[in-house]
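The values are calculated or read from the model by the stated rules, or taken from the named source; none is laboratory data. Here the structure is a predicted model, which is why all the values come from computation and not from measurement. Counting neighbours? That spans all protein chains shown, and the Cβs are built from the backbone with ideal geometry, glycine included. We work out accessible area using only protein heavy atoms, side chains counted, and drop any ligands, DNA or RNA first. Shrake-Rupley method; radii C 1.70, N 1.55, O 1.52, S 1.80 Å.
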Amino acid sequence: MNQQSYLESRRRGTHGFPMEYYRLDPSHPRYVMEAHWHMELECIRVLQGTFSAYLNNQLYDLTAGDILLVECGCLHRGEPAAECLYDCLVFSLPSNSETYSAVFHRIAPLTMPSAGVNRRITATDGALFEAVCALMDTVREKATGYEIAAYGHLFVMIAHLCAEISTPAETTAPPRGAHVVMHVLERLERNFREEFSLKALAKDIGISEKYLCRLFKEYTAKTIVEHLNERRVENACREIATGKSITTAAFDSGFNDVSYFSKVFKKYKGISPSAYKKGNV
């Protein structure tokens, strides 16, 4: 999975079973969850230690056993504490059936941004907590017939959510700051190889440079330059792994100075580009 895919549009799982499970420990390249969003729901479960999650910049402090439900289109990131272990399930909800149209009509609001389902789920939530755990464990274990069992647990989970969420008219839209940052992340993802101008970006969005920088740092815990350099370094790693020279990889990733590239690369990867290249020969 692309470590820097901030607007994640790829299909999860398969067409017939759109669910994907991840288990993350300190060795995983995405152990620290970068700010991103996608149009599927996500369950984040803390298995050990503590985890600080930010949904549209609202902090949720999670401890072992807690589950966080993230709604569609929500900008989110996470910071695991030392020795934290956690797993995630990213999934699409069933959305279409002529025979069961009444059921899918009830599910439809859950697939929309600002559905009002962002929430912490703990053991005190009883049947809802048990259904989410059973869903995640079923997809993780992949026993014979697990797809059918997973959908069973998913529908139990949906039933509880539909019973408790607010109606769409009563939900609160994400703050404008989240939308601004999502726009910036998407734009930088498309154009990270090009020369960057903070002034031009702020003018295009219609806000001041100072306010843009403050918003970005507030929602991602990084400056725009830090984010852009990390994105370029990640791309350079993939280019180097394909056999390109360090100089070519640097220029193809948006750097225009090899010496500066080497300095930035070592800052984020802990080794020099040449050492990285030797490890990928």
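Of the chain, which part is the longest with no GluC sites (Glu not before Pro) in a loop (DSSP not H, G, I, E, B) and with at most 16 other C-beta atoms within 10 angstrom?
99-193
Among Ala221, Ala53, Leu128, flag the residue with its Cα farthest along the positive direction of the charge dipole of the chain, charges on Cβ as +1 for Lys/Arg and -1 for Asp/Glu.
Of the listed residues, the answer is Ala221.
Starting from the amide H of Leu41, placed 1.01 Å from N in the peptide plane, find each other amide H under 5 Å away whose residue is 5 or more places distant or on another chain.
Correct list: Phe91, Leu93.
How far apart, in nm, are two points set 7 Å out from the Cα along the Cα-to-Cβ line at His15 and at Ser274?
Placing both labels 7 Å along Cα→Cβ, they lie 5.0 nm apart.
Roll a 1.4 Å probe over the protein chains and send me the accessible area per residue for region 217-281 in Å².
Heavy-atom SASA per residue in region 217-281 reads 51 Å².
If R₀ is 51 angstrom, what is the calculated FRET efficiency for the pair Glu79 and Thr144, using the beta carbon separation as r and rounding to 0.05?
Between Glu79 and Thr144 the formula returns 0.85.
With a probe of 1.4 Å, find how much accessible area region 60-168 has per residue, and write the answer as a whole number in Å².
So region 60-168 comes to 46 Å² accessible per residue, rounded to a whole number.
Obtain the nm distance between the two label points defined at Ala159 and Thr124 by a simple spin-label model: each point lies 7 Å from its Cα along the Cα-to-C-beta direction.
It is 2.5 nm.
Under a crude label model (7 Å from the Cα following the beta-carbon direction), how far is Met39 from Asn191 in nanometres?
Those two pseudo-labels are separated by 2.3 nm.
For a paramagnetic label modelled at 7 Å from the Cα of Asp61 toward its Cβ, which residues of region 77-104 fall within the zone defined by backbone nitrogen distances under 20 Å?
77-86
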